[in-house]
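To start, the structure under review is shown below, and the notes come after it.
The values are calculated or read from the model by the stated rules, or taken from the named source; none is laboratory data. Since we're looking at a predicted model, the values are computed, not measured. Backbone-built Cβ (ideal geometry, glycine too); neighbour counts: all protein chains shown.
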Amino acid sequence: MDLAPQFFLAVLPIILIFAGLIFLKLSRTTMGILGWLLTVIIAVYFFQTSLSVALAASWAGVLSSFGISLMVLFTILQVTMMDVTGAIGRITAYIKSIAAERYEQIMILNVGFGSFLVSIGATPVTMLPPIMMALGFSPIAAVALPCLGYDPLTSFSLLAVPITIPAAAFGFDAKALGCQVALFLPVISTGIALGMLWIADGFEGVRKGLFTAVVAGLTLGFSAILFVNILPASAIGLVGVFSGLVTIAVLFLLRALRGRPAHVDAEPATVPTGGMPLWKAAFPWILLVSFAVIISIPVIQAGLYSILGPAQKITVVADKVIDLKLLNQAYFWVVVSTVISAPLLVRSRAEATSILSLWAKRAWSPTLAAMVFFAIAYVMDWSGKSVIGGTLAFLPGADAFNMNAVIGLTLALTFGIGFPLASPLLGLFGSFISGSEASSNVMFYGILDKSTDVLSLDFLPVYAAHATAGGVASGVAVAKIVNAAAVIDKLGIEGEVIRKVAPVAIVLTVLIGVMLCVMLAL
């Protein structure tokens, strides 16, 4: 059977999105919507999918995206509140007061602190560039470093939603995937740390900061391995939080051993007398981390779920049910921590109005984009299926008309035994076009599942490599680079940033492929 025509049709929406982003310079949201429309058309007219099933798949994708889309929506609200009220300024003023070598600044801010921030749902690509500029880094470095450092822990960002969302959607063990991802991290986190030094100061920067970068990267990676194994499955969202904090502590310890104390008790000179206390500025994050720890306790999880119970289950079509688990989701507790903190930080009704207005301006596009890319993934996954006896399933032999099956089979036949080496490139590509590792993980799940099945490969390590490469792609993701450039008024440098970071991302992705081949061979 000649799969070439079907393969071309199945990948056409992805090609359209890529072309629109790169050559037409259209927004991720616009291209996501166009890609979704094309996916629905192709699924209906060429892959024997009814329009009702295609639309139901889209709705299922939107509902399943809440773990990432609503997380983005509400974390932007929290960060906007902290930004407008001066809390972010207070925190950054303290960070800038730390006397450090240039390479130490890169490691402390972008590896340690950046990992912690993104793990609790904050956005280092909008928070760190102004700090990097204030510390004397070039605009290219000020944008590139937070973007590359956005996800050195890859799938453990945003309280691990890149792991938990596909696990919930496709029914596999999130902790098992987390353990597989963590195996890549000592090498990849160290590679990211060294890549940051090269981006900022070339090979001279790597020479000066080599030891510190290796310590930061290995600490981050091995901490992730430790915490993902010792924490219960319900607390997997805390792996990145704890690993980031451990890395910060180790970097400060290293400074102390070198005779450069952090002076953590000193008040920075840039903060005026009577200014906001540091604890107050960080109060929303303190609350959020506390809530994340509490809701990770199994008995509390069960109690929270029982409050709404079956009312949280939404039947999409036939036997397909989406369980929202609203009170157990990290985004709900982002809202709670924001609401509790608001009276402490917001000083007037006018300031509250300004926060809400700025939030609406910043948040709608990335939130909608996340929903749309999940919708595309579900339409591809459900293509060729029909409602048969109250169940959504393939007719006998009809799985040949599934978009993911066609792509997966074609890739397996094309690469053969070399597929593990090439498969992480799908993660890099998926996160590049969608701007989100979670979206990429959902979009390519079916393709990788089919490919590994055809080649009789262990699925979980291959999927973990895909996810790890998706985290590396944060350094070249257009959406993140645009956000980072906008906060320092340097829009237009996106192409230069991508050209600077792309070699690092590609080398690390190839390295992930080599590591995967070794793992599968053992």
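Is there any pair linking a residue in region 175-196 that is touching a residue at least 60 places away in the same chain (Cβ under 8 Å) to one that is among the hydrophobic types (A, V, I, L, M, F, W, C) and outside any helix (DSSP H, G or I), with Cβ under 8 Å and at least six apart or on different chains, and which?
Close Cβ pairs satisfying both conditions: 185/153; 189/153.
Checking the conditions here, which among 457, 520, 516 is within 24 Å of residue 163 (Cβ to Cβ) and not in a helix (DSSP H, G or I)?
Checking each option against the conditions leaves just 457.
Would you check which residues across region 181-203 are charged (D, E, K, R) and under 16 Å from residue 474 (Cα atoms) and list them? Don't jump to the end; show me each part of the working.
Taking region 181-203 first, the residues charged (D, E, K, R) are 201.
Correct list: empty.
Exactly one of these conditions fails for residue 211: (1) free of Cβ contacts under 8 Å to residues at least 24 places away in the same chain; (2) in contact with a Gly (Cβ under 9 Å, 6 or more places away or on another chain); (3) of a type in the set (Phe, Trp, Tyr). Give me its number.
With (1) free of Cβ contacts under 8 Å to residues at least 24 places away in the same chain; (2) in contact with a Gly (Cβ under 9 Å, 6 or more places away or on another chain); (3) of a type in the set (Phe, Trp, Tyr) applied to residue 211, the lone miss is (2).
Here is a list of conditions, (1) closer than 28 Å to residue 161 by Cβ; (2) among the small types (Gly, Ala, Ser); (3) at pLDDT 90 or above; (4) in contact with a strand residue (DSSP E or B) (Cβ under 8 Å, 6 or more places away or on another chain), and residue 64 meets all of them except one; can you say which number that is?
Just one mismatch for residue 64, condition (3).
Taking region 390-412 as the region of interest, how many residues are modelled with pLDDT of 85 or more and surrounded by fewer than 18 Cβ atoms within 10 Å (Cβ to Cβ)?
The qualifying residues number 3.
Would you check which residues across region 334-354 are part of a helix (DSSP H, G or I) and either free of Cβ contacts under 8 Å to residues at least 40 places away in the same chain or closer than 26 Å to residue 378 by Cβ (or both) and list them? First the steps, then the outcome.
Step one: list which residues in region 334-354 are part of a helix (DSSP H, G or I), which gives 334-345, 349-354.
Passing the criteria: 334, 335, 339, 343, 349, 350, 352, 353.
Is it true that residue 496 is within 16 Å of residue 149 (Cβ to Cβ) and not small (Gly, Ala, Ser)? Let's see the steps before the verdict.
Details: within 16 Å of residue 149 (Cβ to Cβ): no; not small (Gly, Ala, Ser): yes.
Spelling it out, it is not the case that residue 496 is within 16 Å of residue 149 (Cβ to Cβ) and not small (Gly, Ala, Ser).
Across region 1-45, which residue is nearest to residue 411 (Cα to Cα) among those that are of a type in the set (Ser, Thr, Tyr) and modelled with pLDDT of 90 or more?
The initial filter retains those residues of region 1-45 that are of a type in the set (Ser, Thr, Tyr), namely 27, 29-30, 39, 45.
Now drop any that are not modelled with pLDDT of 90 or more, which leaves 39, 45.
Working: 39: 19, 45: 23 Å.
Only one residue tops the list, namely 39.
Among the residues of region 365-374, is any crowded, with 22+ Cβ neighbours inside 10 Å, at pLDDT 85 or above, part of a helix (DSSP H, G or I) and under 21 Å from the mean Cα position of the chain (by Cα)?
yes
Name, by its number, the condition in (1) touching a Leu at 6+ places or on another chain (Cβ under 7 Å); (2) farther than 20 Å from residue 177 by Cα that does not hold for residue 419.
(2)
For region 487-521, which residues satisfy the criterion of being touching a Leu at 6+ places or on another chain (Cβ under 6 Å) and either among the polar types (S, T, N, Q) or without any contact (Cβ under 8 Å) to a residue 40 or more places away in the chain (or both)? I'd like the intermediate steps shown before the answer.
Taking region 487-521 and keeping what is touching a Leu at 6+ places or on another chain (Cβ under 6 Å), we get 501, 509, 513, 517.
Of everything in region 487-521, just one residue is touching a Leu at 6+ places or on another chain (Cβ under 6 Å) and either among the polar types (S, T, N, Q) or without any contact (Cβ under 8 Å) to a residue 40 or more places away in the chain (or both), namely 509.
Is region 432-442 home to any residue that is over 11 Å from the mean Cα position of the chain (by Cα), closer than 19 Å to residue 514 by Cα and buried (at least 24 other Cβ atoms within 10 Å of the Cβ)? Spell out how you get there, then give the answer.
So the first thing to find is which residues in region 432-442 are over 11 Å from the mean Cα position of the chain (by Cα), and the list is 432-433, 442.
Adding the requirement that they be closer than 19 Å to residue 514 by Cα leaves none.
The answer is no, given that none of the residues of region 432-442 is over 11 Å from the mean Cα position of the chain (by Cα), closer than 19 Å to residue 514 by Cα and buried (at least 24 other Cβ atoms within 10 Å of the Cβ).
If you check residue 152 against the conditions, is it surrounded by fewer than 24 Cβ atoms within 10 Å (Cβ to Cβ) and either modelled with pLDDT under 80 or within 29 Å of residue 233 (Cα to Cα) (or both)? Full working, then the answer.
Working: surrounded by fewer than 24 Cβ atoms within 10 Å (Cβ to Cβ): no; either modelled with pLDDT under 80 or within 29 Å of residue 233 (Cα to Cα) (or both): yes.
Spelling it out, it is not the case that residue 152 is surrounded by fewer than 24 Cβ atoms within 10 Å (Cβ to Cβ) and either modelled with pLDDT under 80 or within 29 Å of residue 233 (Cα to Cα) (or both).
Any idea which of 490, 480, 500 is over 22 Å from residue 410 (Cβ atoms), modelled with pLDDT of 85 or more and of a type in the set (D, E, K, R)?
Values: 490 fails: modelled with pLDDT of 85 or more; 480 fails: modelled with pLDDT of 85 or more.
Being over 22 Å from residue 410 (Cβ atoms), modelled with pLDDT of 85 or more and of a type in the set (D, E, K, R) holds for just one of 490, 480, 500, which is 500.
For region 413-428, how many residues are surrounded by fewer than 20 Cβ atoms within 10 Å (Cβ to Cβ) and either under 23 Å from residue 30 (Cα atoms) or among the hydroxyl-bearing types (Ser, Thr, Tyr) (or both)?
To start, the set of residues in region 413-428 that are surrounded by fewer than 20 Cβ atoms within 10 Å (Cβ to Cβ) comprises 413-418, 421-422, 425.
Still in the running and either under 23 Å from residue 30 (Cα atoms) or among the hydroxyl-bearing types (Ser, Thr, Tyr) (or both): 414.
Summing the residues that are surrounded by fewer than 20 Cβ atoms within 10 Å (Cβ to Cβ) and either under 23 Å from residue 30 (Cα atoms) or among the hydroxyl-bearing types (Ser, Thr, Tyr) (or both) in region 413-428 gives 1.
When you check residue 28 against the structure, is it more than 23 Å from residue 147 (Cβ to Cβ) and of a type in the set (D, E, K, R), yes or no?
Values: more than 23 Å from residue 147 (Cβ to Cβ): no; of a type in the set (D, E, K, R): yes.
So residue 28 does not fit the description; no.
Tell me which residues, restricted to region 1-38, are among the aromatic types (Phe, Trp, Tyr) and out of contact with any Pro (no Cβ under 8 Å at 6 or more places or on another chain). If you could, list the steps in order and put the result at the bottom.
The initial filter retains those residues of region 1-38 that are among the aromatic types (Phe, Trp, Tyr), namely 7-8, 18, 23, 36.
Scanning region 1-38 gives 7, 8, 18, 23.
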